[in-house]
Amino acid sequence: MEKFVINGGNVLDGEVNISGAKNAAVAIIPAVILCDEPCRIENIPNISDVSLIGRILQEMGAEVKRINKSTLYIDPTKIHSFSATSDLVRGMRASYYLLGALLGRYHQARVCLPGGCNFGARPIDQHLKGFAAMGARHELVNGAIIDVRSENKLQGSHIYLDVVSVGATMNIMLAAVKAEGQTIIENAAREPHIVDLANFLNSMGAQIRGAGTDTIKIRGVEYLHGVTYSIIPDQIEAGTYMCAVAATRGKVLVKNITPKHLESITAKLREIGCEIKEYDEAIFVDASKRPLVRCNIKTMPHPGFPTDCQPQFATLLCTVDGTSIINENVWDNRYQYVSELTLMGAHISVEGRLAIIEGGSRLKAAPVKATDLRAGAAMVIAGLCADGTTEVSSINYIERGYEDIVEKLTNLGADIKKVYYDHSSDQSLRA
Ligand code: EPU
């Protein structure tokens, strides 16, 4: 077992390079299934979710080679299986993109129900509704595997999403790229990774218009050619470092990012008193100049404040005076980190979708665990500004989405180490 051991109190200072976006990579890698030639994908984050999706493609017959730390070569032409039902698939949420990609290419797919972070019900009814509108039938096999197929070529269709869903928008886009005629997705999600997926598909010859707006039009094409494509920077990794800098009252240049993707986060950091300077591909965050003040946050689909930065920002708000209110508007149960933060002396009460934070008391070190990926990032931030030595367990969640987090934080002056331990003999950690 592994855990992070963090000696809190160091002020973050320096420069950090942001990796490629996890939630773009986990869609773009399966999207290569649709291509009729090999592709080379650059700026891939070196994280466990990416390794997992690569291994799943290999199990299906694709050739997947890591050319260097951030570049993958994928040849999908040797895929011989339309089924992804191994234990690997159960380990990640984004395995649902295999449904849209396989259906779009081969008109059939059999994929385990997705796993991944658990914060409430994570239905895929909108994905299936989209596939059905294009002529595919689905069946649940043994309560654990979704089988989707269509006798004939998928037909373009007009689909209105009942909820704004990132996954359903991207999955329907994947299924529609080679369908007969035009597909229109209304009430589509507008996240930067949706635009990135559309740009990737278009660079191979797809005809997608409107990605980044709430209406996306996809005209089906016959053939997609191989490309070299570079994935966008990870806006949530960037947001996480920005929260960590503010929580330690540091000053850091966050590099290799698209500042436009971070507007909701920079607006809130400015509101609480951080000085922010934006450059073409970097943002400077300075939280050292004046005392920070409270604020309220409501999470929304893009361009609203991202739910994936909510736990990290909430942790930052624990360190400032006054009462802040968080309204989690995307997921039903994204406050599992609150009980862990409470162990560190935070004063937070949760009432339904609201979390009320009484900020200002110093956090104290404690053994805590990552209850999911972003909750884990929040524990690391808490450890960085707490008094004493914090141990964060279940870091496999954190490594699903953050490349080289120990090295990046150490370069900024943090005292953080990854240590190996025997779980059965460690009395300091709770089960
Ligand atoms: N929803 C439905 N039906 C569906 C799909 C979604 O009711 O068919 C609901 C969900 O229950 C949720 C809301 O719609 O309340 C939004 O879900 P969405 O489909 O947008 O989420 P997702 O595609 O499963 C992706 C990211 C999440 C991120 C959300 C929201 C990936 C692999 N995951 O999930 O990222 O929180 O969008 O932005 O892209 C993370 O990176 O930590 C993470 C959890």
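The values are calculated or read from the model by the stated rules, or taken from the named source; none is laboratory data. Since the model is a prediction, treat every value here as computed from it, not as a measurement. Ideal geometry is used to build each Cβ from the backbone, glycine not excepted, and the neighbour counts take in all protein chains shown. The protein model used for the area step is the full one, side chains on, heavy atoms only, and it has no ligands, DNA or RNA in it. Shrake-Rupley method; radii C 1.70, N 1.55, O 1.52, S 1.80 Å.
On the protein heavy atoms, probe 1.4 angstrom, tell me the percent of accessible surface of segment 22-230 carried by carbon and sulfur. Can you show the working numbers first?
On the way: 3530 of 7680 Å².
The C+S portion of the solvent-accessible surface of segment 22-230 is 46 percent.
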Original post:
Given H placed 1.01 Å from N in the peptide plane, which residues other than close sequence neighbours of LYS369 have an amide H under 5 Å from its amide H?
Top reply: SER393
Subject >> the chain: relative contact order in percent, alpha carbon pairs under 8 Å with at least 6 residues between >> reply: 20
**OP:** Enter the accessible area of THR315 (Å², nearest 10), with the probe set to 1.4 Å and all protein chains included.
**Re:** 0
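Taking segment 121-255, how many lysine pairs are there with alpha carbons less than 21 Å apart, if each pair must be eight or more places apart or span two chains?
Values: LYS129/LYS153; LYS129/LYS178; LYS129/LYS217; LYS153/LYS178; LYS153/LYS217; LYS178/LYS217.
Value for segment 121-255: 6.
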**OP:** Principal axes first, then extents: for the Cα atoms of segment 228-283, list largest minus smallest coordinate on each axis, whole Å, largest first.
**Re:** 41, 17, 16
Original post:
For the Cα atoms of the chain, what angle does the longest principal axis make with the long axis of helix 192-203, in degrees from 0 to 90, nearest 10?
Top reply: 30
Original post:
Just how far, in whole angstrom, is segment 219-241 from segment 366-380 if you go by their alpha carbon centroids?
Top reply: 28
Original post:
Sorted by mean Cβ packing within 10 Å, highest first, what order do the peptides 177-187, 99-109, 203-213 take?
Top reply: 99-109, 177-187, 203-213
**OP:** Run through the DSSP bridge list for segment 22-230 and note the antiparallel percent, rounded to the nearest 5.
**Re:** 70
Subject >> For segment 40-128, convex hull volume per residue from C-alpha positions, Å³ >> reply: 103
**OP:** Using a 10 angstrom cutoff on alpha carbons, build the Gaussian network for the chain and name the most mobile of LEU128, LEU57, LEU140.
**Re:** LEU140
**OP:** Answer rounded, prolate or oblate for the chain, using the Cα gyration tensor with square roots of eigenvalues a ≥ b ≥ c: rounded when a/c is under 1.5, else prolate when a/b is larger than b/c, else oblate.
**Re:** prolate
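Restricting to Cα pairs below 8 Å that are 6+ residues apart, what does the relative contact order work out to for segment 11-165? Please round to a whole percent.
On the way: 256 pairs, mean separation 27.7, N = 155.
Value for segment 11-165: 18 percent.
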Subject >> Between helix 48-59 and the chain: long-axis angle, C-alpha atoms, 0 to 90°, nearest 10 >> reply: 20
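Given a 1.4 Å probe, how much area per residue of segment 257-376 is accessible, in Å²? Intermediate results must be reported in sequence, preceding the final value.
Numbers: 4810 Å² over 120 residues.
With all protein chains present, segment 257-376 gives 40 Å² per residue.
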**OP:** Please work out whether segment 140-223 counts as rounded, prolate or oblate from its C-alpha gyration tensor, where a ≥ b ≥ c are the square roots of the eigenvalues and a/c under 1.5 means rounded, while otherwise a/b larger than b/c means prolate and anything else oblate?
**Re:** oblate
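Based on the alpha-carbon gyration tensor of segment 317-371 and its eigenvalue square roots a ≥ b ≥ c, which shape applies: rounded if a/c is under 1.5, prolate if not and a/b is larger than b/c, or oblate?
Numbers: a/c = 2.66, a/b = 1.21, b/c = 2.19.
Oblate shape, in that a/c is at least 1.5 and b/c is the bigger or equal ratio.
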Subject >> When each of LYS289/LYS369; LYS364/LYS418; LYS22/LYS369 is checked by Cα-Cα distance, pairs over 28 Å >> reply: LYS289/LYS369
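Given the -39500 (n - 2.57) contribution per DSSP H run of 4+ residues, what per-residue ellipticity at 222 nm results for the chain, rounded to the nearest 500 deg cm²/dmol?
On the way: 14 runs with 130 residues, N = 431.
Mean residue ellipticity at 222 nm (helix-derived): -8500 deg cm²/dmol.
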**OP:** Taking H placed 1.01 Å from N in the peptide plane, check which residues at least 5 places from ALA21 or on another chain put their amide H under 5 Å from its amide H.
**Re:** ILE232, ASP234
**OP:** Would you pull out the residues with amide H under 5 Å of LEU154's amide H, same chain only if 5 or more places away, H placed 1.01 Å from N?
**Re:** GLU180
**OP:** Whole number in Å², please: accessible area per residue of segment 22-230, 1.4 Å probe, ligands, DNA and RNA not counted.
**Re:** 37
